[in-house]
Amino acid sequence: MARIAIVTGGTRGIGEAISLTLQEQGFTVAANYGGNIEAAKAFTARTGIPSYRWDVGDHEACIHNCNDIAAELGPIDVVVNNAGITRDGVLHKMSFDDWNEVMRINLGGCFNMAKATFPGMRERGWGRIVNIGSINGQAGQYGQVNYAAAKSGIHGFTKALAQEGAKFGVTVNAIAPGYVDTDMVAAVPAPVLEKIVAKIPVGRLAQANEIARGVTFFTSEDAGFVTGSTMSINGGQHMY
């Protein structure tokens, strides 16, 4: 019987690549999304992967929807916490709402999804949680105190939860992508993007599939002895 995986933010960009890669590996995948209904409908029509809309920053919504997915598809074995937003700005111009919303969704979403699924994984003696952090959570980034703090928090959350799950067969790991060729990065002004690429030793942006392959390893049977780890996939931009 195929294992069940949920990918948050799983219908576009890195999340879409992760959903498709897990599907190729034989998982039954459910893709969460937050807002873009048309993109989600197109994703489901194209891939056959069902998509479910809810706000991962909403604790009760995570509990309710994970229960519904488990009832529909089966017990949830894998969670990939990929959903995230940006609300960039220097601190003296950043509103509390800009700070709070990024923390609520990017970091709070990891807690909410783990709270909804970790107990079942623990009881069944097998589970995989993969949290998508960021190079900017490791190195910091000008104008991103909210995003960098949330992503750094994800790395700490990963290490702590890994210790709770280890003896129950539940691994918890993180991936810290560098700059990836997604719509979010494409929105960066060309002169700024050129400067970013110039700092990447391999001389290019990552492809979403390269991040997804890291997730594939962490969610595999072969990765049972790997927990509490952060895999940096950044082309050598930050060697942490």
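Any read-out appearing in this document is the output of simple, stated calculations on the displayed coordinates, not a laboratory observation. Everything numeric here is computed off the predicted structure, so don't read it as measured data. All Cβ positions, even for glycine, are placed from backbone atoms using ideal geometry, and neighbour counts span all protein chains on display.
Below are the figures for this structure:
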| read-out | value |
| --- | --- |
| log₁₀ of I(q)/I(0) at q = 0.10 Å⁻¹ - the range 1-95, Debye sum with one point per alpha carbon | -0.28 |
| Cα gyration tensor shape of the range 50-137, rounded if a/c is under 1.5, else prolate or oblate by comparing a/b with b/c | prolate |
| Kirkwood Rh, angstrom, the chain [1 / mean 1/r, Cα pairs] | 17.9 |
| Net length gained if the chain between I233 and E123 were fully extended (0.36 nm per residue, minus Cα distance) | 36.4 nm |
| Loop-located chymotrypsin sites (Phe, Trp or Tyr not before Pro) in the range 107-149, at most 12 other Cβ atoms within 10 Å (DSSP) | Y142 |
| Range in the chain, longest, excluding exposed trypsin sites (Lys or Arg not before Pro) [loop by DSSP; at most 15 other beta-carbon atoms within 10 Å] | 1-198 |
| Two-decimal Rg to Rh for the range 90-212 - Kirkwood Rh, Cα set | 1.03 |
| For the range 173-229 and the range 66-112, distance of Cα centres in Å | 18 |
| Pairwise label distance in nanometres, N209 with L73, each label 7 Å out on the Cα-Cβ vector | 2.2 |
| Directionally averaged projected area (convex hull, Cα atoms, the range 170-224), nm² | 4.6 |
| Acute angle (nearest 10 degrees) that the helix 13-24 long axis makes with the longest principal axis of the chain, alpha-carbon atoms | 30 |
| Lys pairs, the chain - Cα-Cα below 21 angstrom, 8 or more residues apart or on other chains | 7 |
| Where labels lie 7 Å past Cα in the beta-carbon direction, separation of A45 and D88 in nm | 3.2 |
